[in-house]
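See structure below.
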Amino acid sequence: MHRYEIILYWSNADQAVIAEAPELPGCMAHGDDYETALGNIQEAMQLWIDTAQELGHSLPEPKGERLMYA
């Protein structure tokens, strides 16, 4: 798996844990708990990467550092 930042947070509006991969535009997932959301975002990230490669798009280079602060 590539080393992109993942952000996990609870959403009251969705009543779910939201997972985002900000370096992969639009790549998000959710789950009932943190473990499920993490598994779902890892799957979504792989699908995002596979699709980008199939379309001939270059992949963003992982920054390797924290992108956002609370």
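The values are calculated or read from the model by the stated rules, or taken from the named source; none is laboratory data. Bear in mind the structure is a predicted one, so any value in this text is a computation, not a measurement. Here the Cβ positions follow ideal geometry from the backbone for every residue, glycine too, while neighbour counts run over all protein chains shown. Ligands, DNA and RNA are stripped out before the accessible areas are found, and what is left, the full protein with its side chains, is counted by its heavy atoms. Shrake-Rupley method; radii C 1.70, N 1.55, O 1.52, S 1.80 Å.
Quick check: is even one residue across segment 40-58 of a type in the set (D, E, K, R) and either touching a Pro at 6+ places or on another chain (Cβ under 7 Å) or loosely packed, with under 10 Cβ neighbours inside 10 Å (or both)? Within segment 40-58, one or more residues are of a type in the set (D, E, K, R) and either touching a Pro at 6+ places or on another chain (Cβ under 7 Å) or loosely packed, with under 10 Cβ neighbours inside 10 Å (or both).
Would you say Ala44 is at pLDDT 95 or above, out of contact with any Gly (no Cβ under 8 Å at 6 or more places or on another chain), small (Gly, Ala, Ser) and not in a loop (DSSP other than H, G, I, E, B)?
Numbers: at pLDDT 95 or above: yes; out of contact with any Gly (no Cβ under 8 Å at 6 or more places or on another chain): yes; small (Gly, Ala, Ser): yes; not in a loop (DSSP other than H, G, I, E, B): yes.
Here the answer is yes, as Ala44 does meet what is asked.
Under the condition of being surrounded by 13 or more Cβ atoms within 10 Å (Cβ to Cβ) and touching a residue at least 40 places away in the same chain (Cβ under 8 Å), which residue from segment 1-23 is farthest from Ile49 (Cα to Cα)? Only one residue fits best here, namely Ile7.
Report, by residue number, each residue of segment 7-21 that is assigned to a loop (DSSP other than H, G, I, E, B) and either more than 19 Å from Gly64 (Cα to Cα) or modelled with pLDDT under 95 (or both).
The initial filter retains those residues of segment 7-21 that are assigned to a loop (DSSP other than H, G, I, E, B), namely 12-15, 21.
If the condition is that a residue be assigned to a loop (DSSP other than H, G, I, E, B) and either more than 19 Å from Gly64 (Cα to Cα) or modelled with pLDDT under 95 (or both), then Asn12, Ala13, Asp14, Gln15 are the ones that fit.
In this structure, is Gly26 open to solvent by less than 90 Å² (accessible area, probe 1.4 Å) and either over 9 Å from the mean Cα position of the chain (by Cα) or among the acidic types (Asp, Glu) (or both)? No: the conditions fail for Gly26. Of all residues in segment 29-39, those that are part of a helix (DSSP H, G or I) and either surrounded by 13 or more Cβ atoms within 10 Å (Cβ to Cβ) or of a type in the set (Phe, Trp, Tyr) (or both) total 5.
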